[in-house]
Amino acid sequence: MTDPAHARPSAGPSAARPPHPWRDPALRPVVAASVTLGAAVGVFAISFGVGSVSAGASVLQTCVMSLLVFTGASQLSAVSVIGAGGTTASALGGALVLAARNGVYALTMGRRIEGRLPTRLVAAQLTIDESTAMSVAQDDPIAQRAAFWITGLSVYVFWNTGTLIGALLGTAIDPVTFGLDAAFPAAYVAMVWPQLRSPRGRWAALIGSVLCLALVPVLPVGVPILCAALAVLVGIPPDHSATQGITP
Amino acid sequence: MTWTLVLALAAGAFASKAVGFFLLAGRPLPAVVDRCLALIPAAVVAALVVKDTFSSGQHLEIDPRALGVGVAVVAVWRRAPFVLVVVLAATVTAVARQAGWR
């Protein structure tokens, strides 16, 4: 793959930056963060691989699912429905609802990731919770793009490697024993933090969280996150303070 | 598990990513839409935090994850590096479970 972060030199404040943004020392924390996240994802991938094979999928089906679907919550939900004796249609329905949130992330990322069509199609495939959240935590557009690619590729490699290991070995490491189920919300705390600098960011975060928690018990899994996006409507009134934390 | 499910899920999952990715890309939008889109990360990532901390499936619950994520909030507030934030949260959660809190 060509280096997508500088596929198209961009004008504006970023033009004065060095030509290899991925080697920018300022990105080292992003690389460390994306490898940390990737490692946590890898352990979940092992348990997905184990669960998928024990639900009756072949090793090849399990690996193809991780390579092509590449959105963990959807894959886990499909496998658990099939494992519980559900139909293909019911497994597909629930998993696609869960996958829909990536479309919301893609609304944001599609406006930030540049490049030719093949590059952008790869970027679309890498648009998931982790890559989006890591990207939006950065301040300038070059760092946002680099963080997206670094995290997306790191998670892709770890997710698929872990899936293969789990599917072949068939012995689960229970991520819960190591507290890894808390690793993801903790990572999201760090990622959402910069969004809370502006009053509107704080309102959107508060309303999104409350909406999501209020709807968890009454709506199918995956839908509350979609509804949380309605909190962006706090952006409707004109902004007089001009202190928005992020550059679109 | 059928190949139909694997491939239909792959197609559907990619379609929702691609539709979002290309729907608004490269076109100027009214300022009000831009302002709202800029708030998607705040709204959705904050919702991911509370969902992954306080829910399992359709159930709300307070379990050791809440302690781990609480420690993470303090760590982020004290400007701890990302890796430390994540490792602290996982360790605190694991230790709380070892101590018998489920």
Open item on the list: If you average the alpha carbon positions of segment B:43-102 and of segment A:58-81, how far apart do those two centres end up, in angstrom?
Closed with: 26 Å
Task: Ratio of the Cα radius of gyration of segment B:39-98 to 2.2 N^0.38 Å, where N counts its residues - done: 1.17
Task: Shielding by partners, peptide B:63-70 (average Cβ within 10 angstrom, other chains) - done: 5
Open item on the list: Compute the angle between helix A:72-83 and the longest alpha-carbon principal axis of chain A, please, reported from 0 to 90 degrees and rounded to the nearest 10.
Closed with: 20 degrees
Task: Euclidean distance between Cα centres, segment A:115-182 to segment B:2-38, Å - done: 17 Å
Open item on the list: Between 0 and 90 degrees, rounded to the nearest ten: what's the tilt of helix A:183-192 against the longest Cα principal axis of chain A?
Closed with: 20 degrees
- [ ] Write down Rg/Rh for the protein assembly as shown, rounded to two decimals, with Rg from the C-alpha atoms and Rh from the Kirkwood relation over Cα pairs.
- [x] 0.95
Task: Other protein chain Cβ atoms within 10 Å, averaged over every residue that makes up A:211-224 - done: 4
Task: Karplus 3J(HN,Hα) series, Hz, for segment A:32-43 with 6.51 cos²θ - 1.76 cosθ + 1.60 (x for Gly, Pro) - done: 4, 5, 6, 6, 4, 4, x, 4, 5, 4, x, 5
Task: Computed over segment A:26-177, Cα set: Rg, Dmax in Å - done: 15.9, 50
Task: Efficiency of FRET between B:R27 and B:R102 - r from beta-carbon atoms, R0 51 angstrom, step 0.05 - done: 0.50
Open item on the list: Within 9 Å, Cβ to Cβ, of A:D239, how many net charges do the neighbouring residues add up to if Lys/Arg are +1 and Asp/Glu are -1?
Closed with: +2
Open item on the list: Cβ neighbours within 10 Å, averaged per peptide: list A:87-93, B:44-50, A:208-214, B:76-82 in order, most packed at the top.
Closed with: B:44-50, A:208-214, A:87-93, B:76-82
TODO: Mind pulling up the Rg/Rh value for segment A:173-246? Radius of gyration and Kirkwood radius, both on Cα.
DONE: 1.08
TODO: Taking H placed 1.01 Å from N in the peptide plane, check which residues at least 5 places from B:S56 or on another chain put their amide H under 5 Å from its amide H.
DONE: B:E61
Open item on the list: Quick check: residue separation of A:D24 and A:T171 times 0.36 nm, minus the Cα distance between them. What number comes out in nm?
Closed with: 48.9 nm
Task: Label point distance in nm, B:A66-A:V218, each placed 7 Å from Cα along Cα→Cβ - done: 2.2 nm
Task: Tensor-based shape of chain B (alpha-carbon gyration tensor, a/c under 1.5 rounded, otherwise prolate or oblate) - done: oblate
Open item on the list: Placing unit charges on C-beta atoms (Lys and Arg positive, Asp and Glu negative, everything else neutral), compute the dipole magnitude of chain A about its Cα centre in debye, rounded to 20.
Closed with: 520 debye
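No value in this document is a laboratory result; all are computed from the given coordinates. Everything numeric here is computed off the predicted structure, so don't read it as measured data. Using ideal geometry, Cβ is built from the backbone for each residue, glycine included, and neighbour counts are taken over all protein chains shown.
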